[in-house]
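Presented below is the structure to which this report refers.
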Number of protein chains: 2
Amino acid sequence: MAGSKGVQGRQAEIMHAAAQLFNDRGFHETSMEDVAAAVGIKKPSLYHHVKSKAQIVGWIHDECVRTVLPPLMGYLEEDIPASEVLRRVAMDIFGLLDSHPGYLRVYFENHRDLDARSKTRITKKRDEYYDAVRRTLQRGNESGELVVENPNLAAMAFFGMCNWGYQWYQADGPESAAEVGEYVWSIYTAGVLAPGTSRLLDGAATAAAVQSA
Amino acid sequence: MAGSKGVQGRQAEIMHAAAQLFNDRGFHETSMEDVAAAVGIKKPSLYHHVKSKAQIVGWIHDECVRTVLPPLMGYLEEDIPASEVLRRVAMDIFGLLDSHPGYLRVYFENHRDLDARSKTRITKKRDEYYDAVRRTLQRGNESGELVVENPNLAAMAFFGMCNWGYQWYQADGPESAAEVGEYVWSIYTAGVLAPGTSRLLDGAATAAAVQSA
DNA sequence: ACGGACCGACCGACCGGTCGGATCGCTGAC
DNA sequence: GTCAGCGATCCGACCGGTCGGTCGGTCCGT
């Protein structure tokens, strides 16, 4: 149901314009008249293509999920290290920020503006995505590849690094999405501490373990 | 100006109730009548204590900045390793999530609902905070304590880990704010990769570097 | 009597959404 | 060739409702 091909044609155009506006001005500060104007028509005409404002939000959410969830499910079936899965996830998320500017802000900040049915559907998908990453971390820990004491918190930390991009990543910035994804992933896996510095340092004892060229 | 002591008394009560409501229902879905009801009065009475809805948002923003910026400025004047500064920043941010539930959501999602004057004031403070962390990373890199190729991206990754907490951290969750802050910091500094695994690994070659109790 | 806290009633603006009708491009019968 | 018919697209005008904010006045402690 809901068509696995996603929104197309004029509706896709509307979705795209709306995502830009919602991102730039905010969802509630953007009227349906603004959205209509952005695609060159008037409000009543817009309602010929769209059932409600909430429906547009639903499209945007679906587009986000459609873009990143199936790839992740594919990675899980390949026989690759957990860290490689994480790397691809990071790349996918920044790739989404790059190819769909504005979409992730709507996804993260306007979940409650979905109609009830879409909300449960999207929430389920969101949990699937979250769970897949958590299980990946758990698997990495069990195989000895990773050290993950708390897969739940570790997943949140990972998503934080990636998802926070919606607050600062600019598609026309100095770094490409792939570069950013790769860099963020490298910090998550290897940390920023210079090699040779003790892994188990507590705050007070840190002052001693400083220099190592 | 604006009083360095922050909002107090009845106004603080209003600010607190509003932050909760804005967090739970959303800013635009919360009417001034709702805020008034939350403190046990009617809307016209609320306007006896408050100039506008935007003013409440301003209070909440100021409260966030007031809570975390001065401490960070203090850390910079102490002679401690960069990683220790980062650790304290992480603790401060999760501490804020703990002591001021809802505030950070308003801070991150309702910046544009500030009046023009507050917006410039808060933006400046936000940039100060960001810059302090970036400079800390740079200093850590120069001293050899850290390996930070891109301080700007590294700062964003760090803030991502911490700030994203507003999306998931619950004050009544299983882990305390201090535990979460410490854990997130440990991932950021040391990474999740098991020690012994090559730092410069590409995805395919990782599978070999596995066990180490 | 004075000021701080409070409230019922109200206003203007805006916004999501609707209605009835106009226009346009295509199809097919003749 | 042309023209009736039709569905898709478009729009001016309008509605119901909500919300931020105001006004005039009451109540109460001092």
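The values are calculated or read from the model by the stated rules, or taken from the named source; none is laboratory data. Small disclaimer: the values here were computed from a predicted structure and weren't measured. Cβ: placed from backbone, ideal geometry, glycine included. Neighbour counts: every protein chain shown. Each accessible area value is taken on the protein alone, full model and side chains, heavy atoms only, with ligands, DNA and RNA left out. Shrake-Rupley method; radii C 1.70, N 1.55, O 1.52, S 1.80 Å.
Tabulated data
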{"quantity": "Boolean, B:TYR103 is open to solvent by less than 60 Å² (accessible area, probe 1.4 Å) and either within 29 Å of A:GLU179 (Cα to Cα) or without any contact (Cβ under 8 Å) to a residue 12 or more places away in the chain (or both)", "calculated": "no"}
{"quantity": "B:LYS125 being in contact with a helix residue (DSSP H, G or I) (Cβ under 9 Å, 6 or more places away or on another chain), at negative phi and open to solvent by 30 Å² or more (accessible area, probe 1.4 Å)", "calculated": "yes"}
{"quantity": "Condition met for B:LEU96 (part of a helix (DSSP H, G or I) and surrounded by 20 or more Cβ atoms within 10 Å (Cβ to Cβ))", "calculated": "yes"}
{"quantity": "Flag if A:GLY140 is in contact (Cβ under 8 Å) with a residue 12 or more places away in the chain, surrounded by 15 or more Cβ atoms within 10 Å (Cβ to Cβ) and more than 12 Å from chain B (Cβ to nearest Cβ)", "calculated": "no"}
{"quantity": "Residue count for the stretch B:171-194, restricted to those that are free of Cβ contacts under 8 Å to residues at least 12 places away in the same chain and in contact with a strand residue (DSSP E or B) (Cβ under 7 Å, 6 or more places away or on another chain)", "calculated": "3"}
{"quantity": "Filter pass, A:ILE56 being within 20 Å of the chain's Cα centre (by Cα) and either more than 14 Å from every other protein chain (Cβ to nearest Cβ) or within 14 Å of DNA strand D (Cβ to nearest atom) (or both)", "calculated": "yes"}
{"quantity": "Near pairs, Cβ below 7 angstrom, 6+ apart or cross-chain, from the stretch A:40-51 (more than 11 Å from A:ILE14 (Cα to Cα)) to any residue that is within 8 Å of DNA strand C (Cβ to nearest atom) and open to solvent by less than 100 Å² (accessible area, probe 1.4 Å)", "calculated": "A:LYS43/A:MET32"}
{"quantity": "Whichever residue in the stretch A:149-174 is part of a loop (DSSP other than H, G, I, E, B), open to solvent by less than 40 Å² (accessible area, probe 1.4 Å) and at the interface with chain B (Cβ under 9 Å from one of its Cβ atoms) and, among such residues, is nearest to B:PHE159 (Cα to Cα)", "calculated": "A:TRP164"}
{"quantity": "The stretch B:117-137, residues that are touching a residue at least 24 places away in the same chain (Cβ under 8 Å), within 27 Å of B:GLN55 (Cα to Cα) and of a type in the set (Ser, Thr, Tyr)", "calculated": "B:SER118, B:TYR129, B:TYR130"}
{"quantity": "Set B:GLU29, B:GLU33: member being of a type in the set (Asp, Glu), at pLDDT 95 or above, within 14 Å of DNA strand D (Cβ to nearest atom) and part of a helix (DSSP H, G or I)", "calculated": "B:GLU33"}
{"quantity": "Residues (out of contact with any Lys or Arg (no Cβ under 6 Å at 6 or more places or on another chain), under 14 Å from B:VAL50 (Cα atoms) and either within 14 Å of DNA strand C (Cβ to nearest atom) or within 14 Å of chain A (Cβ to nearest Cβ) (or both)) located in the stretch B:8-33", "calculated": "B:GLN8, B:GLY9, B:ARG10, B:GLN11, B:ALA12, B:GLU13, B:ILE14, B:ALA17, B:SER31"}
{"quantity": "Residue match in the stretch A:175-183 (condition: of a type in the set (Asp, Glu) and not in a loop (DSSP other than H, G, I, E, B))", "calculated": "yes"}
{"quantity": "Candidates B:TYR75, B:TYR107, filtered to the one that is within 12 Å of chain A (Cβ to nearest Cβ), more than 16 Å from DNA strand D (Cβ to nearest atom) and under 27 Å from A:ASP113 (Cα atoms)", "calculated": "B:TYR107"}
{"quantity": "Checklist (1) at pLDDT 95 or above; (2) within 10 Å of another protein chain (Cβ to nearest Cβ); (3) surrounded by fewer than 22 Cβ atoms within 10 Å (Cβ to Cβ) applied to A:LEU200, failing item", "calculated": "(1)"}
{"quantity": "Test for A:ILE80: is it open to solvent by 20 Å² or more (accessible area, probe 1.4 Å), away from DNA strand D (no atom under 16 Å from the Cβ) and within 14 Å of chain B (Cβ to nearest Cβ)", "calculated": "yes"}
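Yes or no, residue by residue, for (1) acidic (Asp, Glu); (2) away from DNA strand C (no atom under 12 Å from the Cβ); (3) surrounded by fewer than 22 Cβ atoms within 10 Å (Cβ to Cβ); (4) part of a helix (DSSP H, G or I):
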position: B:GLY40; (1), (2), (3), (4): no, no, yes, no
position: B:ASP62; (1), (2), (3), (4): yes, yes, yes, yes
position: B:PRO70; (1), (2), (3), (4): no, yes, yes, yes
position: B:GLY74; (1), (2), (3), (4): no, yes, yes, yes
